[in-house]
Structure formats: structure tokens, C-alpha cells
Amino acid sequence: MSEKKGQGLIYECIRCGAKVAKDELEMRGGGVKCTICGYRVLKKKRPPVVKRVLAR
């Protein structure tokens, strides 16, 4: 699955590393489950934005 801007939340399976969109989970009944291997532990991907803070 390709990650596009504005697609929404992306989850990553702990076991197989597959990326699953929140929209896809909702289409399958709303349960938290990997669409590839069926594992029930997913983690939320963080955006690649780096926050810069001034140090004084």
C-alpha cells in the first residue's frame, strides 16, 4: 500500500510489517486486525515531521 498525503491514519502490523489504512479497517467491520497475516497488534505510524524547538 502506498502512503499518500491526506490519506488518514496508517497503522503498521507488528508481526509482518504491513501498512494498513484506518479506512480499510473500517470497511472490514471496524476490528483491529492485519489484513495480510491476521495479527491483532498494530501500531500507529508517526508522521515524518521533525519539531524544532529553540534552546535558550
(request) Would you kindly derive the ³J(HN,Hα) couplings of segment 45-55 from the backbone phi angles with the Karplus curve 6.51 cos²θ - 1.76 cosθ + 1.60 (θ = phi - 60°), listing them in order in whole Hz, with x for Gly and Pro? (result) 6, 8, x, x, 9, 9, 8, 9, 10, 6, 9
(request) Per residue, how big is the convex hull around the C-alpha atoms of the chain? Give it to me in cubic angstrom, could you? (result) 109 Å³
(message) Per DSSP helix of 4 or more residues, -39500 (n - 2.57); summed, then divided by the residues of the chain. What does that give at 222 nm, rounded to the nearest 500?
(response) -2500 deg cm²/dmol
(request) Going by C-beta contacts inside 10 Å, put V41, V50 in order with the fewest on the left. (result) V50, V41
(request) With unit charges on the beta carbon (Lys/Arg positive, Asp/Glu negative), name the residue among A55, A21, I36 whose Cα is farthest towards the positive pole of the charge dipole of the chain. (result) A55
(request) For a footprinting-style exposure proxy, rank R46, R15 by other Cβ within 10 Å, fewest first. (result) R46, R15
(request) May I ask you to derive the relative contact order of the chain, considering only C-alpha pairs under 8 Å and at least 6 residues apart, and to give it as an integer percent? (result) 32 percent
(request) Order by neighbour count: V53, V32, fewest other Cβ atoms within 10 Å first, most last. (result) V53, V32
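Values in this text are rule-based calculations from the coordinates and carry no lab data. Since the structure is predicted, the reported quantities are computational estimates derived from the model, not experimental observations. Here the Cβ is made from the backbone with ideal geometry for all residues, glycine too, and neighbour counts use every protein chain on show.
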